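The values are calculated or read from the model by the stated rules, or taken from the named source; none is laboratory data. No experiment lies behind these values; they were computed from the predicted model shown. Here the Cβ positions follow ideal geometry from the backbone for every residue, glycine too, while neighbour counts run over all protein chains shown. Surface accessibility is based on the protein's heavy atoms, side chains included, excluding ligands, DNA and RNA. Shrake-Rupley method; radii C 1.70, N 1.55, O 1.52, S 1.80 Å.
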Amino acid sequence: MLYDHQTRSLWMHITGECFEGELLGKVLRRADTGRHTTWRDWRQLHPDTAVMAQDPRWLGRPADRGYFPREGARSGDPFVPPQFVPTIQTRDPRLELHDLVYGVRVGAERRAYPLRRLPRATPIEEDVGGVPVTIWFDEAARSVGAFDRRVRGRALAFERDDEGAIRDRDTRSLWILDGLCVEGAYQGERLSPLDGLMSEWYGWYATHTDTTIWQRY
Amino acid sequence: MGKFTRLLLWVLILGGIAYGGYRLNTGGPEAPASATIPAPTTDEARIGRFAASQFLIEHDRFLAATDPAMVPAAEATWLQPSDEVLGVLVSGRARAYPVPMISYHHVVNDVIEGIPIAVTY
């Protein structure tokens, strides 16, 4: 959980909701676009990106295992130490605790896309919460883009070309994983990102017990 | 690490997990329509947890980063291509927050093009 310095209210980091304290019931808006990916992928798509700089004050503090351990939620090992696993009270056996999912919230619907089941070649296109969505997966970067696929009043359909690039079937315009069209008739257009994030299954499920799970038809 | 510090850490981590599993209070005009986390079992439990959280905040040892310095991609020589980042695009501006750095600070408070954001994981 998070707290804010101003009121010390408590916030759920997965949902952005304040669940206790003065700001109870307030919800943080998710930034467009935030995407969990690799440095290689981000830098390739955004050569002009800025990067959070290393702060010499925090470099090499021995008590903190060093400033820059190369670990993250996707290192392949469960991120939660084994002794905490029994304390996870809200469970669902449909997936393994530590399976990575991309969870989205559209209208009243919550839906999880398990990364290990996602098709590599084809974007997923379906309606979620009454909205036509498209889910893109880059296996090399293990990164997901999830969008409302309506542009200029019509729902587009997407596919990967021979080189793996994402194109809409209509105009063959070229799109990148952040939902931006960078070449073609739709150049400059941007798909609206869904409210979603990458999470281990237990965390997504604990905060969204009514979630559905995507399955290949 | 002193015994007391270690105890505090455990309380903080276990407390965090407990909070992760329970949304203590639902409702409020801006809460989403389907609030699905179970309500607390008793008022005493809820009040106790909240008091514990305020104590832990008082002794917080995590160091959130606020308005971190930024460098151009070419200067980020310490990053390896396979390192994970959280990438954010606001008003056409791209910023990358390396996950290992976020995992150290837990929260990064930043402002992009006038929009205040909090980056966490």
- Query: Among (1) buried (at least 19 other Cβ atoms within 10 Å of the Cβ); (2) of a type in the set (A, V, I, L, M); (3) within 14 Å of chain B (Cβ to nearest Cβ), which single condition is A:Ile135 missing?
  - Reply: (3)
- Go through (1) surrounded by fewer than 20 Cβ atoms within 10 Å (Cβ to Cβ); (2) closer than 18 Å to A:Asp41 by Cα and name the single condition A:Val144 misses. (1)
- Task: Output the residues belonging to the range A:92-119 that are farther than 9 Å from A:Trp201 by Cα and assigned to a loop (DSSP other than H, G, I, E, B).
- Result: A:Pro93, A:Arg94, A:Gly107, A:Ala108, A:Leu118, A:Pro119
- Task: Confirm whether A:Gly21 is within 7 Å of another protein chain (Cβ to nearest Cβ) and small (Gly, Ala, Ser).
- Result: no
- Examine the range A:58-71 for a residue that is at the interface with another protein chain (Cβ under 7 Å from one of its Cβ atoms), modelled with pLDDT of 80 or more and open to solvent by 20 Å² or more (accessible area, probe 1.4 Å), and state whether such a residue exists. no
- Message: Given the criteria hydrophobic (A, V, I, L, M, F, W, C), in a helix (DSSP H, G or I) and farther than 13 Å from A:Pro123 by Cβ, does A:Ala140 qualify?
- Response: no
- Query: Within the bounds of the range B:28-39, is there any residue that is at pLDDT below 55 and over 26 Å from A:Trp204 (Cβ atoms)?
  - Reply: no
- Does B:Pro81 satisfy the criteria of being surrounded by fewer than 19 Cβ atoms within 10 Å (Cβ to Cβ) and either under 20 Å from A:Leu2 (Cβ atoms) or not hydroxyl-bearing (Ser, Thr, Tyr) (or both)? yes
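Residue-by-condition table, conditions (1) part of a strand (DSSP E or B); (2) modelled with pLDDT of 95 or more; (3) not assigned by TED's automatic domain parsing to the domain that holds A:Met1:
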{"position": "A:Ala121", "(1), (2), (3)": "no, no, yes"}
{"position": "A:Glu163", "(1), (2), (3)": "no, no, yes"}
{"position": "A:Thr171", "(1), (2), (3)": "no, yes, yes"}
{"position": "A:Val182", "(1), (2), (3)": "yes, yes, yes"}
- Regarding A:Glu163, is this residue without any contact (Cβ under 8 Å) to a residue 40 or more places away in the chain, open to solvent by 20 Å² or more (accessible area, probe 1.4 Å), within 26 Å of A:Thr38 (Cβ to Cβ) and within 19 Å of the chain's Cα centre (by Cα)? no
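This table checks each residue for (1) more than 13 Å from A:Met52 (Cβ to Cβ); (2) touching a residue at least 12 places away in the same chain (Cβ under 8 Å); (3) out of contact with any strand residue (DSSP E or B) (no Cβ under 7 Å at 6 or more places or on another chain).
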site	(1), (2), (3)
B:Gln54	yes, no, yes
B:Phe62	yes, yes, yes
B:Pro68	no, yes, no
B:Trp78	no, no, yes
B:Val90	yes, yes, no
B:His106	yes, yes, no
B:Ile112	no, yes, no
B:Thr120	yes, yes, no
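Here's the yes/no breakdown for (1) within 7 Å of chain B (Cβ to nearest Cβ); (2) in contact (Cβ under 8 Å) with a residue 24 or more places away in the chain; (3) more than 16 Å from the chain's Cα centre (by Cα):
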{"residue": "A:Thr7", "(1), (2), (3)": "no, no, yes"}
{"residue": "A:Ile14", "(1), (2), (3)": "no, yes, no"}
{"residue": "A:Lys26", "(1), (2), (3)": "yes, no, yes"}
{"residue": "A:Thr37", "(1), (2), (3)": "yes, yes, no"}
{"residue": "A:Gln44", "(1), (2), (3)": "no, no, yes"}
{"residue": "A:Met52", "(1), (2), (3)": "yes, no, yes"}
- Considering only residues that are within 17 Å of A:Arg149 (Cα to Cα) and of a type in the set (Val, Ile, Thr), look in the range A:168-217 and name the one that is surrounded by the most Cβ atoms within 10 Å (Cβ to Cβ). A:Ile176
- Message: Quick check on my filter: what residues within the range A:1-19 are over 21 Å from A:Tyr205 (Cβ atoms) and either open to solvent by 50 Å² or more (accessible area, probe 1.4 Å) or of a type in the set (D, E, K, R) (or both)?
- Response: A:Tyr3, A:Asp4, A:His5, A:Gln6, A:Arg8
